[in-house]
1. Can we say THR367 is at pLDDT below 95 and either of a type in the set (Lys, Arg) or in contact with a strand residue (DSSP E or B) (Cβ under 8 Å, 6 or more places away or on another chain) (or both)?
2. Whether any residue in segment 231-246 is among the hydrophobic types (A, V, I, L, M, F, W, C) and surrounded by fewer than 22 Cβ atoms within 10 Å (Cβ to Cβ) is what I want to check.
3. Given (1) surrounded by fewer than 19 Cβ atoms within 10 Å (Cβ to Cβ); (2) over 17 Å from PHE104 (Cβ atoms); (3) free of Cβ contacts under 8 Å to residues at least 60 places away in the same chain, identify the lone condition not met by GLU151.
4. Which one of the conditions (1) modelled with pLDDT of 95 or more; (2) part of a helix (DSSP H, G or I); (3) not hydroxyl-bearing (Ser, Thr, Tyr) does GLU45 fail to meet, given that it meets all the rest?
5. For segment 203-226, which positions are of a type outside the set (A, V, I, L, M) and within 25 Å of LYS69 (Cα to Cα)?
6. Provide a single number: the residues in segment 137-164 that are at pLDDT below 95, among the charged types (D, E, K, R) and either under 23 Å from the mean Cα position of the chain (by Cα) or outside any strand (DSSP E or B) (or both).
7. Tell me whether segment 82-104 contains one or more residues that are within 24 Å of HIS55 (Cβ to Cβ), free of Cβ contacts under 8 Å to residues at least 24 places away in the same chain and acidic (Asp, Glu).
8. Every residue in segment 316-335 that is more than 22 Å from GLY296 (Cα to Cα) and either in contact with a helix residue (DSSP H, G or I) (Cβ under 6 Å, 6 or more places away or on another chain) or touching a residue at least 40 places away in the same chain (Cβ under 8 Å) (or both), please.
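The values are calculated or read from the model by the stated rules, or taken from the named source; none is laboratory data. Keep in mind that what you see is a predicted model, and the values were worked out from it rather than measured. Heads up, the Cβs are rebuilt from the backbone with ideal geometry, glycines too, and the neighbour counts pull from every protein chain shown.
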Amino acid sequence: MRTALTAVSALSAALMPSASHSFAPIHSLAHPIATLPATSSSNEEDTTQVLLLDHININHQKGRHDLLKAFYFDFLKCSIDSRKLDNYQSGRKTVWANVGMHQFHLPEGKPDAQVFDGMITLVHSNLEGLMERYNQYLDGEDAFVPLMGTEFDVIVEEDGEDIMMIVNDPWGTQFCILPSDDVDEDRAAYLGEQPLLKNHELSEGLCLEDLTVYVPHDANLEGIGRFYQYVLGAPTVDELTTENQISIAMGDRQTLTFQHHPDGEAEVAHHDLTYEVKDDEEETDDSRPFYPSNHGPHISMYVTNLPYAYQMAEKLDALYVNPRFKRRAYSEEEAIDQCMFRILDIVDPLDETKGVILRLEHEIRSTKTRDGKKYKSCPLFDV
């Protein structure tokens, strides 16, 4: 039987890929730009930038909304997104859990849950509430009973004045949770927000600061960096990059990190491709390419110039359409209409063979619609 969470537990350094990120303000870093194949011009219309890594999509175990509610809403204290309130109340289908401007999209698995092979770093106002709720879990409080017998676990690590929590969700996905040293700045409510239900409190979590993706030890990290610079205009953060990992700036406040798997030569796959029967009129159009469905996790980000990003991805043959989702962009014009397109393959722009380094689905979103109005789902105020 575990004791109440008041003491410090030892934590392997291999489990702390993102710890340093909380102490490096991304907006103050100099971003080196790799030497990449030339593009047509340096005008603003011929470039793009990532403004926000807004959500990660992870399947939950079908029929276990009790686990979703106990972990994301009762323990992490995410806020309920009003657009999925009916699903939350009925205990069925997809729910969205909000953390400041950021989200977890949590659809049903087929039927299993996904375990994200990496680390999700959140910043909370403080860790006291999480510690108190973990003690309530240990005491068998009703709200946390569903978490019993699952992979849910909490470890606290302290190093002098620095403290963080490593948390496993009920299926084994790992979170690193850091305390804020400036709550207002970390929540950045002056920049944007997600919908909040009337009379509900803001999320206790302030932001998604870093998403660390584990990769094989032979992965071409520099090539990954060149891909993000070339396609999305997202620079490498040199101060957070080592021989074992590379960090990419997702706007001024977040990073996307690719790190050699801490378990050594572990097998790594972030995709789950299946070829499914075409069963609607659109999918039976033989003029459109046929893509396999990906049931792996995906990440979503907003960019300043969607057409440019689409063109760069097309040059690398990195475009992807996931039949799993209704919104599908088979062309640049459809991407502009849909305010999004998808990428699956990460390739090095300097590799003439276009060999795939890693498969990780990206939903690339536009902040604006075709007529220049703000896209309805974009949480940013000023676009």
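1. So THR367 fails the test.
2. Quick first cut of segment 231-246, residues among the hydrophobic types (A, V, I, L, M, F, W, C) only: 231-232, 234, 237, 240, 246.
When the remaining residues are screened for being surrounded by fewer than 22 Cβ atoms within 10 Å (Cβ to Cβ), the result is 240.
Scanning segment 231-246, I find at least one residue that is among the hydrophobic types (A, V, I, L, M, F, W, C) and surrounded by fewer than 22 Cβ atoms within 10 Å (Cβ to Cβ), so the answer is yes.
3. So the condition that GLU151 fails would be (2).
4. All conditions pass for GLU45, except number (1).
5. Going through segment 203-226, the residues of a type outside the set (A, V, I, L, M) turn out to be 203-205, 207, 209-210, 212, 214, 216-218, 220, 222-223, 225-226.
Within segment 203-226, SER203, GLU204, GLY205, CYS207, GLU209, ASP210, THR212 qualify.
6. So the count comes out to 1.
7. Within segment 82-104, one or more residues are within 24 Å of HIS55 (Cβ to Cβ), free of Cβ contacts under 8 Å to residues at least 24 places away in the same chain and acidic (Asp, Glu).
8. First, the residues of segment 316-335 that are more than 22 Å from GLY296 (Cα to Cα): 331-334.
Of everything in segment 316-335, just one residue is more than 22 Å from GLY296 (Cα to Cα) and either in contact with a helix residue (DSSP H, G or I) (Cβ under 6 Å, 6 or more places away or on another chain) or touching a residue at least 40 places away in the same chain (Cβ under 8 Å) (or both), namely GLU332.
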